[in-house]
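Okay, so here's the structure we're looking at.
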Amino acid sequence: MHAALANLAPSGQPFPPPAEALRVALHTELTQNSPYLEIFHQAQGERLAGRDWHNALKDSKSLGSEVPFHLVIGCDRHGIDVRVTGKIDIVLELADKSRAVIDFKTGSLDTQRGKCSDGRLVQPGLYGHVARVGCEQLAGSEVAIHAAYVGLGGAKCDILPSNGMPATKAKANIPLDLEQVPGAIVGFAEQIRSGVVSLTMFGPEANKPECTNYCSMRDACRQITVPRA
């Protein structure tokens, strides 16, 4: 689904894509790239092609899809660069000319809503920072920057937006303070470099996992580890 949307929404293309074009792209991607194409995937693709997109995304224009970035976000207390790298699903120019960084989710948004409520969301802020300062394939901008998780797998086009995103009246929002992003990520990097690894605030005994059940390091990486002399 990500690939189909990316192919239909290179820079300059209107968004959301036409339903019939999306239907064809989804069928092509699912047929060519899935060795186990199931009825479920076909039905999911058909729902995505035929559904009405959220009002916040209508009348938008793509500024780039699958946008890669690799940049220095700051320096730690020892003067060592902290680099960030990743790929943004799509950056949109919204109807009011502001920008929105979008991360598509094919599953439920409930996990993101939970992380939103306790401040663990780093990804939207980082993507928003990239949209602000720019990267090789995306020019920087001083216009208003928004972020959103967009659910593709449900009965409707669900959205979890940042505060102030136009045309949204969501009960839950992503906190998005772009001024705080570089310092927060540098702080995480400093902790990891000093040997303090804390991937969850809940601890290893909590019934709130954040990684897949089949990861062999699941139990070990839930703990805060401090090197001993």
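The values are calculated or read from the model by the stated rules, or taken from the named source; none is laboratory data. Keep in mind that this is a model prediction, so the values were computed, not measured. Neighbour counts are summed over all protein chains in view; Cβ atoms, including those assigned to glycine, are modelled from backbone coordinates with ideal geometry. Side chains included, ligands, DNA and RNA excluded: accessible areas come from the protein's heavy atoms. Shrake-Rupley method; radii C 1.70, N 1.55, O 1.52, S 1.80 Å.
Out of all the residues in segment 146-158, is one or more surrounded by fewer than 14 Cβ atoms within 10 Å (Cβ to Cβ) and among the hydrophobic types (A, V, I, L, M, F, W, C)? I'd like the intermediate steps shown before the answer.
Filtering segment 146-158 for residues surrounded by fewer than 14 Cβ atoms within 10 Å (Cβ to Cβ) gives 155-156.
Okay, now just the ones that are also among the hydrophobic types (A, V, I, L, M, F, W, C), so 155.
Taking every residue of segment 146-158 in turn, at least one turns out to be surrounded by fewer than 14 Cβ atoms within 10 Å (Cβ to Cβ) and among the hydrophobic types (A, V, I, L, M, F, W, C).
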Does any residue in segment 151-165 that is at pLDDT below 85 come within less than 6 Å, Cβ to Cβ, of a residue that is in a loop (DSSP other than H, G, I, E, B) six or more places away or on a different chain, and which pairs are these?
Leu152/Met1; Leu152/Thr106; Gly153/Thr106; Gly153/Gly107; Cys157/Arg51; Cys157/Trp53; Cys157/His54
Does Asn55 fit the bill of being surrounded by fewer than 19 Cβ atoms within 10 Å (Cβ to Cβ), at pLDDT below 90 and under 21 Å from Ile145 (Cα atoms)?
yes
Being within 23 Å of Gly12 (Cα to Cα), in contact (Cβ under 8 Å) with a residue 24 or more places away in the chain and open to solvent by 40 Å² or more (accessible area, probe 1.4 Å), is that true of even one residue in segment 113-133?
yes
State all residues of segment 84-104 that are of a type in the set (Lys, Arg) and crowded, with 20+ Cβ neighbours inside 10 Å; if no residue qualifies, say none.
Arg99
Go through the residues of segment 61-83 one by one and say whether even a single one is surrounded by 19 or more Cβ atoms within 10 Å (Cβ to Cβ), part of a strand (DSSP E or B) and polar (S, T, N, Q).
yes
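Does Thr111 count as in a loop (DSSP other than H, G, I, E, B) and modelled with pLDDT under 90? Before the answer, list the steps.
Numbers: in a loop (DSSP other than H, G, I, E, B): no; modelled with pLDDT under 90: yes.
For Thr111, the condition - in a loop (DSSP other than H, G, I, E, B) and modelled with pLDDT under 90 - is not met.
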Within segment 159-171, residues open to solvent by 30 Å² or more (accessible area, probe 1.4 Å) and among the small types (Gly, Ala, Ser) come out as Gly164, Ala167, Ala170
Are there any pairs, at least 6 apart or on different chains, whose C-beta atoms fall under 6 Å, with the first in segment 179-200 and more than 22 Å from His129 (Cα to Cα) and open to solvent by 50 Å² or more (accessible area, probe 1.4 Å) and the second in a loop (DSSP other than H, G, I, E, B) and at pLDDT below 80, and if so, which?
Ser198/Ile224
